[in-house]
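First the structure, in the form of structure tokens, and then the observations on it.
The values are calculated or read from the model by the stated rules, or taken from the named source; none is laboratory data. Because the structure is predicted, anything quoted here is derived from the model rather than measured. Using ideal geometry, Cβ is built from the backbone for each residue, glycine included, and neighbour counts are taken over all protein chains shown.
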């Protein structure tokens with residue numbers, strides 16, 4: 001509708017103040033990317049340990065170490081993005097529970113407690129049974145930790161592009177994609193062909209579903225709100241078009257093709273390339289989707 | 001008590017007196033604005049017109065900024081004003097992402113969020129907001145929306161068919177009204193905005209916090 005008004009009225013802003021640039025930039029992208037790996041690897045570890053308990057015992061330690069490293073990276077980027085980072089403790093001592101930032105901080109703290117406990121029982125106590133029990137709780141908590149960012153994006157009322165249903169599915173898919181990719185890379189050649197195929201299928205289907213969702217948002221999103229039309233113009237011939245498609249190709253299309261080829265050829269090497277491609281592309285894809293609605297003029 | 005604002009755009013002549021009064025009263029740093037007046041030119045020569053729109057925080061009844069703030073730095077006070085506690089703010093910028101009106105900014109001096117507070121400190125001393133005082137044509141009308149005898153309530157009654165809020169579809173229930181507004185003045189997507197030098201200044205984007 002706005003396009004027609006501009007065409008009809010020739011309305012041009014001739015005097016205004018500078019608009020704020022990108023508020024949530026690459027640091028928040030790093031935050032989302034690292035969190036996808038940190039929770040995703042827990043999902044995948046749980047699946048493998050339940051389905052193939054005899055063959056996958058060796059993944060317990062690398063899985064929890066990867067999760068600890070990447071969840072702490074996620075927390076690190078969360079904190080350094082604050083303009084007053086040394087007031088981070090306010091979230092715990094002056095919390096407002098309507099905010100998904102607060103809820104996310106509490107959930108992430110609980111999740112960190114669980115994965116640190118898992119590491120403690122595995123490494124210090126050599127207690128795999130307790131590790132596996134805690135892993136179950138870790139999976140339960142990993143779901144809201146993965147999803148809370150979607151809630152935060154949904155609470156960003158000004159950014160019409162981010163809707164809770166689509167963003168929550170994209171967050172879960174990103175976790176499965178990143179988790180399976182990380183597991184493929186750490187597993188080496190220790191996995192059996194059957195497990196490799198399972199990981200390949202998780203990676204491939206996550207990539208396929210995420211790609212379909214992005215394409216559907218690209219086509220059908222503009223039918224809902226003029227702000228979505230305006231935001232998507234940045235990837236439909238606008239300044240983020242190249243980066244958007246680069247992300248889609250590297251994150252989803254290349255991994256899908258390589259997964260198919262690796263299953264046909266039983267090539268674990270191709271699967272590793274697919275995993276690296278998915279992880280790199282996921283960052284690009286997330287970044288573009290984060291940035292484009294922030295380029296709109298709100299007033 | 002529910003304080004609210006109304007701007008009669010038919011009276012506003014774009015003098016920017018309100019902008020400057022706000023800057024001075026609230027010591028708003030360079031490059032940032034609690035209140036600004038946007039000029040939009042409409043039409044093709046010789047049938048052209050310049051519109052002026054003062055833009056400030058809407059002090060919504062259902063404020064997304066107050067909801068998303070993790071530490072209640074943005075909060076309601078008893079007269080309906082959405083106020084900000086800069087000592088509590090952690091600078092997460094969630095409020096900037098949530099506000100559909102682009103009314104919140106990061107203060108480059110304090111590195112915390114800031115916005116129009118309807119001059120809450122002046123109101124507490126029974127004074128009008130500085131922008132109201134500075135307006136030479138009384139285009140800014142401020143008062144208690146709950147009081148049917150207040151100037152703002154009477155103005156809304158008199159101009160009922162011509163009163164609008166910005167982006168009503170967002171469901172924020174703003175307490176800031178415009179008389180004589182239209183799509184061009186109230187919908188930011190309904191006017192073309194090219195980056196570069198324009199009338200007196202450079203229309204551009206500012207980096208926020210250097211996190212690009």
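Some observations on this one:
- Residue match in segment A:63-78 (condition: assigned to a helix (DSSP H, G or I), over 30 Å from residue A:25 (Cβ atoms) and under 23 Å from the mean Cα position of the chain (by Cα)): yes
- Residue B:50 vs. criteria assigned to a strand (DSSP E or B) and surrounded by fewer than 19 Cβ atoms within 10 Å (Cβ to Cβ): yes
- Subset of segment A:144-168 (residues that are in a helix (DSSP H, G or I) and over 10 Å from the mean Cα position of the chain (by Cα)): A:144, A:145, A:148, A:151, A:152, A:153, A:154, A:155, A:164, A:165, A:166
- Failed condition for residue B:91, given (1) within 7 Å of chain A (Cβ to nearest Cβ); (2) part of a loop (DSSP other than H, G, I, E, B); (3) out of contact with any strand residue (DSSP E or B) (no Cβ under 7 Å at 6 or more places or on another chain); (4) surrounded by 18 or more Cβ atoms within 10 Å (Cβ to Cβ): (3)
- Here residue A:260 meets the list (1) away from chain B (no Cβ under 14 Å); (2) more than 18 Å from the chain's Cα centre (by Cα); (3) closer than 30 Å to residue B:193 by Cα; (4) surrounded by fewer than 17 Cβ atoms within 10 Å (Cβ to Cβ) almost entirely, failing just condition (3).
- Test: residue in segment B:191-206 that is more than 14 Å from chain A (Cβ to nearest Cβ), closer than 26 Å to residue B:17 by Cβ and crowded, with 19+ Cβ neighbours inside 10 Å: no
- Tally of residues being closer than 15 Å to residue A:138 by Cα and buried (at least 20 other Cβ atoms within 10 Å of the Cβ) across segment A:61-79: 6
- In this entry, residue A:105 is excluded by the filter for residues that are touching a residue at least 60 places away in the same chain (Cβ under 8 Å), over 25 Å from residue B:109 (Cβ atoms) and either crowded, with 17+ Cβ neighbours inside 10 Å or touching a helix residue (DSSP H, G or I) at 6+ places or on another chain (Cβ under 6 Å) (or both).
- Out of A:42, A:28, A:37, A:5, one residue alone is within 10 Å of another protein chain (Cβ to nearest Cβ), assigned to a helix (DSSP H, G or I) and closer than 26 Å to residue A:69 by Cα. It is A:28.
Yes or no, residue by residue, for (1) in a loop (DSSP other than H, G, I, E, B); (2) over 16 Å from the mean Cα position of the chain (by Cα); (3) modelled with pLDDT under 85:
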site: B:169; (1), (2), (3): no, yes, no
site: B:174; (1), (2), (3): yes, no, no
site: B:178; (1), (2), (3): no, no, no
site: B:181; (1), (2), (3): yes, no, no
site: B:184; (1), (2), (3): no, yes, no
site: B:199; (1), (2), (3): yes, yes, no
site: B:208; (1), (2), (3): yes, yes, yes
site: B:211; (1), (2), (3): yes, yes, yes
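- Members of segment A:188-228 that are free of Cβ contacts under 8 Å to residues at least 24 places away in the same chain and surrounded by 17 or more Cβ atoms within 10 Å (Cβ to Cβ): A:222
- Qualifying residue in segment B:145-166 (condition: free of Cβ contacts under 8 Å to residues at least 24 places away in the same chain and buried (at least 18 other Cβ atoms within 10 Å of the Cβ)): yes
- Residue match in segment B:116-136 (condition: within 14 Å of chain A (Cβ to nearest Cβ) and within 15 Å of the chain's Cα centre (by Cα)): yes
- In segment A:66-86, the residues that are away from every other protein chain (no Cβ under 14 Å) and farther than 17 Å from residue A:148 by Cβ never reach a residue that is assigned to a loop (DSSP other than H, G, I, E, B) and at pLDDT below 95 with C-beta atoms less than 8 angstrom apart, at least six apart or across chains.
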